[in-house]
Amino acid sequence: MSSPSIAERVLAGEVRAAARLMRDLDDRLPEAEATLRALFPRTGRAYVVGLTGAPGAGKSSLTDRLIGHYRRLGKTVGVIAVDPTSPFSGGAILGDRIRMQDHALDEGVFIRSLGTRGHLGGLSRSTSDLVQVMDAMGKDVILVETVGVGQDEIEVATLAHTVVVVAVPGLGDDVQAIKAGVLEIADVFAVNKADREGADRTVRDLQTMLELRRTVMGLGPAPADHDAAHRFTGGPVPPSGPAQAAWEPPIVRTVAVRDEGVAELIAAVDAHRAHLEATGGRRAREVARARAAFVAVLRERLLAGALARLEAEKGRLDAVAERIAARSADPYQLADELAALLRA
């Protein structure tokens, strides 16, 4: 009798097979993609929660506490923690796994660290693939922790069902740390390290920006219990999704190192999940997620094909670069020429 394939072993929840597949996917090996294709029909059951925010906000500590709470609720948990990659050595510290060692021997928890490898947006290029693997393993909840992000690094919004934006007092200009794109993708706000001086100000700043957004969007006044864990009225529409009953992002105060407010944070995530399922928002997010994944794969393959076409003629890519550097041609014209050649 033949031995089980890697796909069959992953579906059986075998950690060693899943870890090997994840490594091969991150290395972009063709056989790993074939395995992922075999797993794909068995995915779509896990609930994905993204945690993002500025560096030093305590995302890893909060993730660690969330793992413990979900395990006490009887749920299996997958964690993908993304760390920055050095532009010089190509290595990554992968410190998030170190901070979560308390769960290393728990069979119901699978933690995988990833380096960004220069990928922007707060995630690694392989994050979506690894979410699919953990989903196929049967994990109930998958936590995706991004690197410390800026205002425009919001890729996690296309991957997660619920996005938790972690803010923290004491970063100087609190508004700068949480405004613009990061503010707009939040389904839940966690004001971590809430025992610090300035936590009340951070909460007020968030409330003010939410009120301003409501005014701009022409929505009614915010509920009185703005600093609460459950709310179902007002707020943003999921990215790329259809209009639906609005959701007002709750603001939850947490002190992760003391495990304070984490149960309330899970309650807020559960409330958002119930809201999505009641309004059809989860399906809308699944479609947006599928669209983003398809476009990412298509972009990567088209670029690879274009570069392969150039490199098929020895030295042509270098010749193109020389022409651009000498200002005898511009990159836009040459890119148009190559695109036309590929379409021919």
5 Å is the cut-off here: which amide hydrogens, built 1.01 Å from N in the peptide plane, fall below it relative to Gly53, excluding neighbours closer than 5 in sequence?
Val149, Val166
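How do the peptides 130-140, 286-296, 189-199 rank, highest first, by the average count of neighbouring beta carbon atoms within 10 Å per residue? Walk me through the intermediate numbers first.
Values: 130-140: 22.8, 286-296: 14.5, 189-199: 21.0.
Ranked by mean Cβ neighbours within 10 Å, highest first: 130-140, 189-199, 286-296.
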Just to confirm the filter: which trypsin sites (Lys or Arg not before Pro) across segment 1-58 are DSSP coil and have at most 16 other Cβ within 10 angstrom of their Cβ?
Arg28, Arg45
Taking R0 as 25 Å, what FRET efficiency do you get between Ala12 and Leu73 from their Cβ-Cβ distance, rounded to the nearest 0.05?
0.60
With each label point set 7 Å from Cα along the Cα-Cβ vector, what nm distance links Arg196 and Arg327?
4.8
Spelling it out for Asp83: with amide H atoms placed in the peptide plane at 1.01 Å from N, the residues 5 or more places away or on another chain with amide H under 5 Å from its amide H are Leu114, Gly115, Thr116
If the chain between Val295 and Val216 were fully stretched, how many nm would it gain, using 0.36 nm times the residue separation less the Cα-Cα distance?
25.4 nm
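The numbers here are math on the coordinates, done by the rules we state, and not lab data. Just so it is clear, the model here is predicted, and its values are computed rather than measured. Ideal geometry is used to build each Cβ from the backbone, glycine not excepted, and the neighbour counts take in all protein chains shown.
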